[in-house]
1. Would you pull out the residues with amide H under 5 Å of T156's amide H, same chain only if 5 or more places away, H placed 1.01 Å from N?
2. On the protein heavy atoms, probe 1.4 angstrom, tell me the percent of accessible surface of the chain carried by carbon and sulfur.
3. Can you give the accessible area of M211, probe radius 1.4 Å, in Å² rounded to 10?
4. Using DSSP H assignments, which helices in the chain have an axial alpha-carbon span of 24 Å or above and a mean Kyte-Doolittle hydropathy of -0.5 or higher?
5. Counting only heavy atoms of protein chains, what accessible area per residue, in Å², does segment 115-194 have with a probe of 1.4 Å?
6. Go through segment 132-143 residue by residue and turn each phi into a ³J(HN,Hα) via Karplus (6.51, -1.76, 1.60, θ = phi - 60°); whole Hz please, and just put x for glycine and proline.
7. Once Rg and Dmax of the Cα atoms in Å is worked out from the coordinates, which option in (1) 18.2, 53; (2) 17.6, 59; (3) 21.0, 69 does it equal?
8. Of the listed pairs K23/K166; K117/K166; K40/K84; K135/K166, which have alpha-carbon separations greater than 20 Å here?
Amino acid sequence: MKQENKRQMPASAAGEVSPAVIKRLPRYFRYLRELIRNGKLRISSGELSEMMHVTASQIRQDLNCFGGFGQQGYGYNVNYLYAKICEILGVGEGFHAIVIGAGNLGKALVRSPMFEKRGVDILALFDVDQAVIGKVVGDARVHDMIELERFCERHTVDIAVLTLPKAYVADVAERLSAIGIPGIWNFTGSEPEAFASGAVIENVHIGDSLMTLCYELRQRELAAYEEKET
């Protein structure tokens, strides 16, 4: 049964924006939050460029996709820009999430301040292990997987965070598709076809990030070797 959306969704504030720009928005969020902590009231695109290692021109182009927010000769009001980036990213929209898989990764994610800082409320965890069912992780209780559909009927769930073993992903994907949860944050390393049912999916491959780092280290070693040989 598709869950009823009990929360009124805001209208989109921007048109078509490139994935590269969207990927940079969370960086603006983090850097602006740090500037606010340090009491910074305004900043130029040049200063922000030095911090983020992105050209000032690119910063202006990125922000112009959403209206610009700056003023020539003044730069950007840090608090205002931070508020607008939060609005664009949906921070504070009251999104609700569940975590499926109460193993080490699932528990670590729930216990981190990451969700709270981004305005996402963890409602519950789900697992099949009777040893963890009923326990509380952070502020959320671990429920039996057999309760998944009933729980989602009673609560508005926007995001399902998947940290379960690959062997169970296909079945869970079909169940989530039937429920109609609109957002999937997938840490399983598996990408079943059942996810392609209208949900917005963010697949996180931690191993890919590690391999990218290894590649960069390897290239540095090769460059140092070649320089030494010449």
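The values are calculated or read from the model by the stated rules, or taken from the named source; none is laboratory data. Everything quoted here is computed from the prediction, not taken from an experiment. Cβ coordinates were reconstructed from backbone atoms using ideal geometry, including for glycine residues, and neighbour counts include every protein chain displayed. The accessibility values were calculated without ligands, DNA or RNA, using every heavy atom of the protein model including side chains. Shrake-Rupley method; radii C 1.70, N 1.55, O 1.52, S 1.80 Å.
1. Sorted by chain and number, the residues that satisfy this come to none at all.
2. 52
3. Solvent-accessible area, nearest 10 Å²: 130 Å².
4. Qualifying helices, which must be both long enough and hydrophobic enough, are 19-37.
5. Ligands and nucleic acids excluded, the result is 50 Å² per residue.
6. Running phi through 6.51 cos²θ - 1.76 cosθ + 1.60 with θ = phi - 60° gives 10, 4, x, 7, 10, 10, x, 10, 10, 8, 8, 9 Hz.
7. (3)
8. Pairs exceeding the cut-off: K23/K166; K117/K166; K135/K166.
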